[in-house]
Structure formats: C-alpha cells, structure tokens
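Enquirer: I have a structure I would like to understand better, so I am pasting it below and will then ask my questions one at a time.
The values are calculated or read from the model by the stated rules, or taken from the named source; none is laboratory data. These numbers were taken from a predicted model, which means no experiment stands behind them. For neighbour counting, all protein chains shown are included, and Cβ atoms are generated from backbone atoms with ideal geometry for every residue, glycine included.
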Amino acid sequence: MAVNASGAVNLKTTHGLPYCLPAFCRAWYAKRVASIVKTYTIVLEPDPDVGGFTVLVPALPGCVTEGATLEEALANARDAISLTLEDLIARGEPIPDDAPGVRVAQVSVSLAS
C-alpha cells in the first residue's frame, strides 16, 4: 500500500483487485464490483429411464448438473456454471470462454446381424 502526494491510498492489485485480500474475498469482491456476463453452450441429455435432463458444459470440464424438468435443468446449469467460475476466480485461474464450434449432431451406424 502506498500513499500518494494527494493523500490517496494506492493498493497493489491482482486482476484489478487488492492483492492483500484472501482469494475467497477477491472472488466475492469481484462478483459484487464488476459484473461480467459470460455465455456458455450447454448440452441437455434427456434421461428416458427416470425422466429429466443431464446438463453438460463443454467449455467447463467437470461442470455437470441435472434437473427433473427443462426449466429446473436450465436453472441448475446457471448455478453450476456460476459456482464453477467462482471457484476458478478464487483459485486465481482464468475464466475460459465458451468452447468454440461446439455442435450437437446425430449419426447413424449400421450393425452387422
């Protein structure tokens, strides 16, 4: 911390946040001070056996959730993505952009009988 000639306090920063704060405080501070909107592609896989959907986020490996309805699956996806990003911020890791070119397609295969 330094005080300039006008008496203003200057804090050294990491990613624009005071580095003297613990990582979890920086994540909290960043969330409230600078709102960043990120958009991610999600894959919704219906579960025909039990109903509902499994949600995958290709840009965030390990970010998986589910929901009994489409609305619940989407809400849970937002929560899971937010928590994953907050964890990355707290650990000082970069926030990834959406996975470019993610596509969902169907393919047919022939099986020999």
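Enquirer: Of all residues in the range 29-61, how many are modelled with pLDDT under 65 and not small (Gly, Ala, Ser)?
Expert: Filtering the range 29-61 down to residues modelled with pLDDT under 65 leaves 29-34.
Going one step further and asking which of them are not small (Gly, Ala, Ser), we end up with 29, 31-33.
Number satisfying all stated conditions: 4.
Per-residue answers, yes or no, for (1) part of a helix (DSSP H, G or I); (2) in contact with a His (Cβ under 7 Å, 6 or more places away or on another chain); (3) of a type in the set (S, T, N, Q):
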position: ALA73; (1), (2), (3): yes, no, no
position: ASN76; (1), (2), (3): yes, no, yes
position: ALA80; (1), (2), (3): yes, no, no
position: ILE89; (1), (2), (3): yes, no, no
position: PRO96; (1), (2), (3): no, no, no
position: ALA99; (1), (2), (3): no, no, no
position: ARG103; (1), (2), (3): no, no, no
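Enquirer: Further question on the same structure: Of the residues in the range 71-85, how many are in contact with a Leu (Cβ under 9 Å, 6 or more places away or on another chain) and either within 18 Å of ALA99 (Cα to Cα) or surrounded by fewer than 17 Cβ atoms within 10 Å (Cβ to Cβ) (or both)? First the steps, then the outcome.
Expert: Initially, the range 71-85 is screened for residues in contact with a Leu (Cβ under 9 Å, 6 or more places away or on another chain), giving 73-74, 77, 80-81, 84-85.
Restricting the remaining residues to those that are either within 18 Å of ALA99 (Cα to Cα) or surrounded by fewer than 17 Cβ atoms within 10 Å (Cβ to Cβ) (or both) gives 74, 77, 80-81, 84-85.
So the answer is 6.
Enquirer: Please determine, by comparing only the residues of the range 54-70 that are within 18 Å of THR84 (Cβ to Cβ) and not aliphatic (A, V, I, L, M), which one is surrounded by the fewest Cβ atoms within 10 Å (Cβ to Cβ).
Expert: GLY62
Enquirer: Quick one: would you say ALA59 is part of a loop (DSSP other than H, G, I, E, B), in contact (Cβ under 8 Å) with a residue 40 or more places away in the chain and out of contact with any helix residue (DSSP H, G or I) (no Cβ under 7 Å at 6 or more places or on another chain)? Even if it seems obvious, please write down each step before you answer.
Expert: Values: part of a loop (DSSP other than H, G, I, E, B): yes; in contact (Cβ under 8 Å) with a residue 40 or more places away in the chain: yes; out of contact with any helix residue (DSSP H, G or I) (no Cβ under 7 Å at 6 or more places or on another chain): yes.
Answer is yes for this residue.
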